[in-house]
Each structure stands twice: as structure tokens, then as C-alpha cells.
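Values quoted throughout were computed directly from the atomic coordinates according to the rules given, and no laboratory measurement underlies them. The structure displayed is predicted, hence computed values, not measured ones. Here Cβ is always computed from backbone atoms with ideal geometry, including for glycine, and neighbour counts include all displayed protein chains.
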Amino acid sequence: MVDRIPGSVLFACTENALRSPMAEAMLKHLHGHQVYVDSVGVRAGDVDGFAIEVMADIGIEIGGHTPKSFADLEDTSFDIIISLSPEAQHGAVELTRHSAADLEYWRIFDPSMIEGSRETRLESYRQVRDELFARIRERFPVASVSDT
């Protein structure tokens, strides 16, 4: 049996430039308009070019994403907030002090920390992309025809 998919999910990371926009786009890709999905960072950075590239490899576009911070959120009522970095976890705890949102912390490596050749760096981004996608598929499964 598939757990009920929440109505709204917020992904949070450090700069809303890499992990959280990837996760947002993946969940939207899997569930379309069934779930309201957004993402934020503790700070708003610039969308990471390597993240754009590895997402394009799997047919998901994030180049148009506009990074934003917790302070930029217009709506703060989410069913689930998933933090992808320790810094974001602190921001999520603050955001939910007066709300009933469920908090989850997924420790996801920051591939921007990897140094080396372009291919070495892209490989680390692909690993993070694949880990995120696997966790999202597991946490928010797409119902099969037999589940309905």
C-alpha cells in the first residue's frame, strides 16, 4: 500500500542553487500538479551550472529556477519540509516553530565541494542527483494502476 502523498512539500538546502532545486524538479517530474512543491535555501545563490547539466542528462530542466531564501517564501504552510543540509535544517526548525509541518532531514552531500577535472566534478553531481532521485521515488512513490 502506498502512503498518502502530501499536498505540499518544501525542499531546503544552503543556497537553493543545487540540491533543493534538483529535488523540487524531480518531485514535480514524478507527481506533476498532484503536489505543490517549492524549494529554498538559507541564502539565495545562483543556480549551479553542473546541476543544470546533470539534470538535463535525465530530461529535467532547472535552468529557469530562481533561487530564493526562507525569507523570500510567500507561503510557509507545508505538509513536509525536507532539509538537505545541516544549515537548512536549522532554518526549517525555525520556520516550523508555529506550524504543524513534518520535518525530515536527508543528509545529502554537497558536490560543489569536489575539486578536480570537469568530468570528476560532473560525476559527483550525477551521484547526488541519483541519490536524491532514489530517495524521492522511495518517499513519494508513484502509484501504479493496481494501487488505485
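Data overview
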{"item": "Mean residue ellipticity (222 nm) of the chain, computed from DSSP H runs ≥ 4 via -39,500 (n - 2.57), nearest 500", "result": "-11500 deg cm²/dmol"}
{"item": "Per-residue Cβ neighbour rank within 10 angstrom, fewest leading, ARG126, ARG97, ARG19, ARG107", "result": "ARG97, ARG107, ARG126, ARG19"}
{"item": "Max mean-square fluctuation residue, GNM over the chain, Cα-Cα springs under 10 Å, options GLU115, GLU61, GLU123", "result": "GLU115"}
{"item": "Choice from ASP102, ASP75, ASP48 showing the highest fluctuation, given a GNM over the chain with Cα pairs closer than 10 Å", "result": "ASP75"}
{"item": "Residue order, fewest to most surrounding Cβ atoms within 10 angstrom, among HIS90, HIS65", "result": "HIS90, HIS65"}
{"item": "Computed Rg/Rh of region 4-49, alpha carbon atoms with Kirkwood Rh", "result": "1.01"}
{"item": "Sorted by Cβ neighbour density within 10 Å, fewest at the top, the residues SER124, SER85, SER99", "result": "SER99, SER124, SER85"}
{"item": "Label point distance in nm, ALA143-ASP46, each placed 7 Å from Cα along Cα→Cβ", "result": "4.4 nm"}
{"item": "Within the chain: Cβ-based charge dipole about Cα centre, in debye rounded to nearest 20 (Lys, Arg +1; Asp, Glu -1)", "result": "180 debye"}
{"item": "Average projection area in nm² (convex hull over Cα atoms of the chain, one quarter of hull surface)", "result": "8.9 nm²"}
{"item": "Stretch gain in nm, segment HIS90-ARG121, where the contour uses 0.36 nm per residue and the Cα spacing is subtracted", "result": "8.4 nm"}
